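See structure below.
No value in this document is a laboratory result; all are computed from the given coordinates. Given the structure is predicted, the values throughout are model-derived calculations rather than measurements. Glycine also receives a Cβ, built like all others from the backbone with ideal geometry; neighbour counts cover every protein chain displayed.
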Amino acid sequence: MEFRQVALFLAIVENDGLNGAATALGVAQPTVSHALRSLERDLGVRLFHRVGRGLVLTAAGRSLIGPSRQLLRDVHAVQELLALPDDDIVGSLDLMVFPALATGPIVELVARFCEAHPRATVRFADLRREENATSVIRDGHCEFVVAHLPVEDGGAGLEVIELGTQEYWLVYPPGTELPAGPIAWSALPDIPMVFVPRVGGSVSLQIENAMQQAGVHPPVAVLNDQREARLPMVLAGVGGSVVERTLAESVRDVAVARPSEPRFTRSFGVIYDPTSLTKAGRAFVDMLRGVRRQRIEGPVCPETVAY
Amino acid sequence: MDLHLVTYFLAVVDHGGVTKAARALYISQPSLSQSIRTLERRLDTTLFDRVGRRLTLTDEGAKFELAARRIVADVERAKQQMSAIRSLEAGTVDIATFSTFSIHPVVELVRRFRSSHPSITVRISETKGPAGVLSALRRGEAEIGITDLATDHPGMTTIPLCEQELVLAIPAHLATDLPDPLPRTRVREIPLVVDRGSPEAVVNAGDLFGTDNVVVDCAHPTAIWEFVRRGTGGTVVPRLVAEQQMPDAVVIGMDPPIVRRVGLVTRADELTPAAAAFISAATRPANEG
């Protein structure tokens, strides 16, 4: 098993097939397909089913993804150690982020990291299911997970740095007339809403329950998989929506943004395995700790946690 | 058990006898009696006690009456629902598209449709690129695709809508001295925040993304915009998204430009009323609303 074969294997997975992988890596398609065949021959298993002209991961292929990512990170780490002066970080920071948390604090922290280490790169990937928060780390799919706390299985052996609390606000189109103050989930105005199926995490479940118990069913204008379209739709006047607090506050001047009542909140943070950090990973952890220390030492208002 | 037997049974109950019920139903009395016997035989029970010329419900018959009234109400509700859908007073239109189009043109299309059909819900599914749109249409998961018309859509009906230009949105401090438009080959000089896994990134990868100029490979569109606003790197987005979401960024076209033809795709078979209404709202000239 060659590192290059492993890299090609991951490229096929990430780019949905031989063509995509070849384009992404800037090599010819037969090169990729040859490398895949020889990797399969070496391992003695099929990694992909050939379905028509496409490729579909086999069970064996799926279970190779995590270890492959871990392997490539470790290879990078060795290269870094050999090639570089101590304070130069070039590797890749590898995070999976739950969609509802992919805004505000974590983006700011990663942006800071990029600024501090201009030669490093970041993979800011999608954690679809929060219950996998710890297994994706243990299986090597990524180095850091950003998810709600506490983590599902207690996260034995893993470390957690809390970043803040997540909360949902209601936003309505510009010019919507609503009484001042927070809006109760049990008394949502009769304004059509733009919802995302399963907003995510236990907070949205609490919200759903509160609405259900009160028998509130605001009309649904749009049910949209594309989270990023929620605010643009609100601003275009399509309807109201439920969005993360940081997003709601960003449109306060143009749209009608209100906290909700009760304020269901849940903390979230970064989870990682302290025993297998790359150099880039260690630098990121040091930065998070520094930020937290500043917060604890500085004037802190417990109600408004920035991160 | 047929629906007409259930309605005949209720008619007999409501009119208090076969003779009056037959008259109300415009059928002959023997034929109605025959129908009631058929119903009893199918249910394997006796619904009426025949005492002289009067019919009274048995215990079984009384139980069946409750069930029968529920069935008739269900049928009525289903009919109303269908008629509401036919007349566009209710229903859902299912749309498949992918992230490049999530803001432009989807937001405007949905706004137009909802302003003329406020009782119909729009369901938008995210698919993996044009191929995903095509298979969602084939499997019947969506009725309308909003997609790139450069892809072949065999056996489907395509309706061109507009063109979309992909541009660079670059934080000001990274955009000094860049010409507009920028030769595609020079895009590799700019630190970028893009989703390498997205279909359009794969198509354009060889051209635009080198091995080390993608500083953040980011799967979350809102996070990409935030990274650009914070100055981490530039990104490649539709012009409208650049202008609306990253107003402080410098917007630069590419040379040659990346322009795609955006359109609607549907199966060639008959459309539901909601889907037909969506298409007519989408293709109406903008000034009509």
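Between B:R42 and B:H15, what is the label-point separation in nm under the 7 Å Cα-to-beta-carbon projection?
About 1.9 nm, to one decimal.
Please name whichever of A:T23, A:V107, A:L288 sits farthest to the positive end of the charge dipole of chain A, dipole taken about the Cα centre and charges placed at Cβ: Lys and Arg +1, Asp and Glu -1.
Going by the Cα projections, it comes out as A:T23.
Would you mind computing the Rg to Rh ratio of chain A from its alpha-carbon coordinates, Kirkwood style for Rh? Before the final figure, lay out each step's value.
On the way: Rg = 22.5 Å, Rh = 21.9 Å.
So for chain A, dividing Rg by the Kirkwood Rh gives 1.03.
What average number of partner chain Cβ atoms lie no more than 10 Å from the Cβ of the residues making up A:240-247? If you can, show how the numbers build up before the last one.
Details: counts 0, 0, 0, 1, 1, 0, 2, 2.
Across the residues of A:240-247, the mean count of other-chain Cβ atoms within 10 Å is 1.
Taking the Cα-to-Cβ direction at A:L43 and at A:A214 and moving 7 Å from each Cα, how far apart do the two end points lie in nm?
With each label point 7 Å from Cα toward Cβ, the separation is 5.1 nm.
Projecting each Cα onto the charge dipole of segment B:110-243 (Lys/Arg +1, Asp/Glu -1 at the beta carbon, about the Cα centre), which of B:V214, B:P179, B:T147 comes out farthest on the positive side?
The residue sitting most towards the positive pole is B:T147.
Which listed residue (B:S102, B:P273, B:P191) has the Cα farthest towards the positive end of the charge dipole for the protein assembly as shown, taking +1 on Lys and Arg C-beta and -1 on Asp and Glu C-beta about the Cα centre?
Selected residue: B:P273.
Take peptides B:219-230, A:59-70, A:132-143, A:262-273 and line them up by average Cβ neighbours within 10 Å, highest first, as a rough protection proxy. Display every interim value, and only then the final one.
Values: B:219-230: 23.9, A:59-70: 16.8, A:132-143: 20.0, A:262-273: 18.4.
Sorting B:219-230, A:59-70, A:132-143, A:262-273 by mean packing, highest first, produces B:219-230, A:132-143, A:262-273, A:59-70.
Quick one: Debye curve from the C-alpha atoms of segment B:94-139, no solvent, what's log10 I(q)/I(0) at q = 0.15, 0.17, 0.24 Å⁻¹?
Treating every Cα as an identical point scatterer, log10 I(q)/I(0) equals -0.40, -0.51, -0.86.
Does segment B:238-284 classify as rounded, prolate or oblate by the C-alpha gyration tensor (a ≥ b ≥ c root eigenvalues; a/c under 1.5 gives rounded; else a/b over b/c gives prolate, otherwise oblate)? Mind dumping the intermediate values first?
Details: a/c = 4.77, a/b = 2.29, b/c = 2.08.
Because a/c hits 1.5 or more and a/b exceeds b/c, segment B:238-284 counts as prolate.
Using a 10 Å cut-off around each Cβ of peptide B:223-233, what is the average number of partner chain Cβ atoms that fall inside?
Numbers: counts 12, 4, 3, 11, 7, 1, 3, 7, 3, 10, 3.
Other-chain Cβ atoms within 10 Å of each residue's Cβ, averaged: 6.
Taking segment B:3-86 as the region of interest, what is the percent of Cα-Cα pairs per 10 angstrom bin, listed from the shortest bin to the one with the maximum distance?
Using 10 Å bins, I get a P(r) of 17, 48, 25, 9, 1 for segment B:3-86.
Given just the C-alpha atoms of segment A:166-265, how large is their convex hull per residue in cubic angstrom?
Details: hull volume 8.7 nm³, N = 100.
Hull volume normalised by residue count: 87 Å³.
Dipole magnitude of chain A about its Cα centre, charges +1 at Lys/Arg Cβ and -1 at Asp/Glu Cβ only, in debye to the nearest 20?
Working: 29 positive and 36 negative charges, 141 e Å.
That gives a dipole near 680 debye.
Students often check this: by mean Cβ neighbours within 10 Å, which of A:239-246, B:9-16, A:112-119 ranks highest, and how do the rest follow?
Details: A:239-246: 24.0, B:9-16: 18.4, A:112-119: 16.1.
So the order, starting with the most tightly packed, is A:239-246, B:9-16, A:112-119.
Give me the percent of DSSP beta bridges within chain B that run antiparallel, rounded to the nearest 5. Show your work: numbers first, answer last.
Values: 26 of 40 bridges.
Restricted to chain B, the bridges split so that about 65 percent are antiparallel.
Quote the convex hull volume per residue of segment A:117-200, based on C-alpha atoms, as a whole number of Å³. Spell out each step's value before the answer.
Numbers: hull volume 16.3 nm³, N = 84.
Looking at segment A:117-200, the number lands at 194 Å³ per residue.
If you bin every alpha carbon distance in segment A:199-251 into 10 Å steps from zero, what whole percent lands in each bin?
Once binned at 10 Å, the Cα pair distances of segment A:199-251 give 20, 51, 28, 0.
For helix A:3-14, what angle does its Cα long axis make with the longest principal axis of chain A, in degrees from 0 to 90 and rounded to 10?
30 degrees
Would you mind pulling out the separation of the Cα centroids of segment B:214-289 and segment B:34-92, in Å?
Comparing the Cα centres of segment B:214-289 and segment B:34-92, I get a distance of 53 Å.
Counting other C-beta atoms within 10 Å, which of B:M254, B:M156 has the fewest, and how do the rest follow?
B:M156, B:M254
Roughly what angle does helix B:59-86 make with the longest principal axis of chain B, taking Cα atoms, 0 to 90 degrees, to the nearest 10?
Approximately 40 degrees, to the nearest 10.
Give the average, rounded to an integer, of partner chain Cβ atoms located within 10 angstrom of each Cβ in A:102-115. Mind showing how you got there, number by number?
Details: counts 8, 5, 3, 0, 3, 13, 4, 0, 9, 12, 2, 2, 9, 3.
Partner Cβ neighbours, averaged per residue: 5.
Based only on other Cβ atoms within 10 Å, what is the fewest-to-most ordering of A:H76, B:H4? Provide the component values of the computation, followed by the final result.
On the way: A:H76 18, B:H4 12.
Ranking A:H76, B:H4 by Cβ neighbours within 10 Å, fewest first, gives B:H4, A:H76.
Dividing the alpha-carbon Rg of segment B:146-193 by 2.2 N^0.38 Å yields what? Before the final figure, lay out each step's value.
On the way: Rg = 16.4 Å, N = 48, 2.2 N^0.38 = 9.6 Å.
Ratio of Cα Rg to 2.2 N^0.38 Å: 1.72.
What's the magnitude of the charge dipole for segment B:164-260 around its Cα centre, counting Lys and Arg as +1 and Asp and Glu as -1 at the beta-carbon? Answer in Debye, nearest 20. Provide the component values of the computation, followed by the final result.
On the way: 8 positive and 13 negative charges, 17 e Å.
Computed charge dipole of segment B:164-260: roughly 80 debye.
Separation of segment B:152-193 and segment A:231-263 by C-alpha centroid, Å?
Between the Cα centre of segment B:152-193 and that of segment A:231-263, the gap is 29 Å.
Please identify, among B:V93, B:V251, B:V215, the residue showing maximal mean-square fluctuation in a Gaussian network model of chain B using a 10 angstrom Cα cutoff.
B:V215
Could you give the alpha-carbon Rg of chain B over 2.2 N^0.38 Å, rounded to two decimals? Present the calculation step by step, with values, prior to reporting the outcome.
Details: Rg = 30.9 Å, N = 289, 2.2 N^0.38 = 18.9 Å.
Working it through for chain B, the quotient is 1.63.
Rounding to the nearest 20 debye, state how big the charge dipole of the protein assembly as shown is about its Cα centre with +1 on each Lys and Arg Cβ and -1 on each Asp and Glu Cβ.
Details: 61 positive and 71 negative charges, 410 e Å.
So the magnitude is around 1980 debye.
Counting DSSP beta bridges in the protein assembly as shown, what percent are antiparallel, to the nearest 5? Walk me through the intermediate numbers first.
Numbers: 51 of 87 bridges.
The antiparallel fraction comes to roughly 60 percent.
P(r) tail for the protein assembly as shown, what percent of Cα pairs lie past 42 Å? Walk me through the intermediate numbers first.
Working: 62626 of 177310 pairs.
It works out to 35 percent of all Cα pairs.
Multiply the residue gap between B:T92 and B:D207 by 0.36 nm, knock off their C-alpha separation, and tell me the result in nm, one decimal place. Each step should come with its number before you reach the end.
Values: separation 115, 0.36 × 115 = 41.40 nm, distance 4.02 nm.
This chain segment gains 37.4 nm when fully extended.
In which sequence would A:T165, B:T58 go, from the one with the fewest C-beta neighbours within 10 Å to the one with the most?
Numbers: A:T165 19, B:T58 14.
Final ranking by Cβ density, sparse to dense: B:T58, A:T165.
At q = 0.29 Å⁻¹, work out log10 I(q)/I(0) for segment A:3-63 with the Debye formula, treating every Cα as an identical point scatterer and leaving solvent out; two decimals please.
-1.43
For segment B:164-260, just list the percent of Cα-Cα distances falling in each 10 Å bin from zero outward, please.
Per 10 Å bin, starting at 0, the Cα pair percentages come out as 18, 58, 25, 0.
Working from the alpha-carbon coordinates of segment B:106-195, get Rg over Rh, Rh being the Kirkwood radius. Kindly include the intermediate steps, with their values, before the conclusion.
On the way: Rg = 18.2 Å, Rh = 16.7 Å.
My calculation of the ratio gives 1.09.
Name the long-range amide H neighbours of A:V122: under 5 Å, sequence gap of 5 or more, or other chain; modelled H, no Pro or chain starts.
A:L93, B:V216, B:D217
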